[in-house]
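Peer 1: Attaching a single structure in structure tokens format; questions to follow.
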Amino acid sequence: MAKEKKIGRPSIKTPELMDEFLRRISHGRSIANVCSEADMPDSTTIYDWIAKDEAFSLRYARACADRGLLYADRISDINEQLMRGEIAPDVARVAIDSYKWISARLVPKLYGDRQ
């Protein structure tokens with residue numbers, strides 16, 4: 001007898017699932033964005049893991065800081081696009097301001113208003 005394939009979102013916390021979730025967060029994506037995919041748990045499951053698992057919570061905080069560093073790096077990319085005339089100054093300004101604001105909150109020791 002063949003095993004039935006499980007249908008639905010994963011909810012069992014495995015090291016592989018946690019690693020993949022955190023990898024996606026550290027690559028610039030939000031919980032809502034990552035959890036919108038069928039291979040990821042629902043966002044309420046992730047928030048539960050963050051609240052109840054201190055080790056996962058610390059790893060999530062590190063992934064968010066990595067996301068902040070990535071966003072700060074994107075500012076240089078946008079500046080280069082602006083200098084090459086690939087994007088309009090007003091578009092660049094909005095994007096840069098957004099990335100600066102988010103980076104300042106995700107990595108306040110590096111990019112926050114108080115140094």
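The values are calculated or read from the model by the stated rules, or taken from the named source; none is laboratory data. As the structure is a prediction and not an experimental result, all values here were calculated from the model. Methodologically, a virtual Cβ is constructed for each residue, glycine included, from the backbone with ideal geometry; neighbour enumeration extends over all protein chains shown. All accessible areas refer to the heavy atoms of the entire protein, side chains included, with ligands and DNA or RNA removed. Shrake-Rupley method; radii C 1.70, N 1.55, O 1.52, S 1.80 Å.
Peer 1: When the label point is put 7 Å from the Cα of N33 along its Cα-to-beta-carbon vector, which residues of region 72-93 have a backbone N closer than 17 Å?
Peer 2: Correct set: 72-78.
Peer 1: Then there's this: Distance between Cα centroids, region 25-59 to region 61-115: provide it in whole Å.
Peer 2: So the separation of the two Cα centres works out to 23 Å.
Peer 1: Per-residue ellipticity at 222 nm for the chain, helices alone: DSSP H runs ≥ 4 residues times -39500 (n - 2.57), over residue total, nearest 500 deg cm²/dmol?
Peer 2: About -22000 deg cm²/dmol.
Peer 1: Also, I was wondering about something else. Give me the tail of P(r) for region 13-67 as a percent: Cα-Cα pairs with distance above 18 Å.
Peer 2: 18 percent
Peer 1: A further question follows. When the accessible area of the chain is computed with all protein chains present and a 1.4 Å probe, what percentage of it is carbon and sulfur?
Peer 2: About 56 percent, which is the carbon plus sulfur part of the accessible surface.
Peer 1: Here's something else I'd like to know. Report the calculated FRET efficiency for S57 and Q81 (r = Cβ-Cβ distance, R0 = 22 Å), to the nearest 0.05.
Peer 2: 0.05
Peer 1: Now a separate question. Please work out the Cα convex hull volume for the chain and give it in Å³ per residue.
Peer 2: Cα-based convex hull of the chain, divided per residue, equals 140 Å³.
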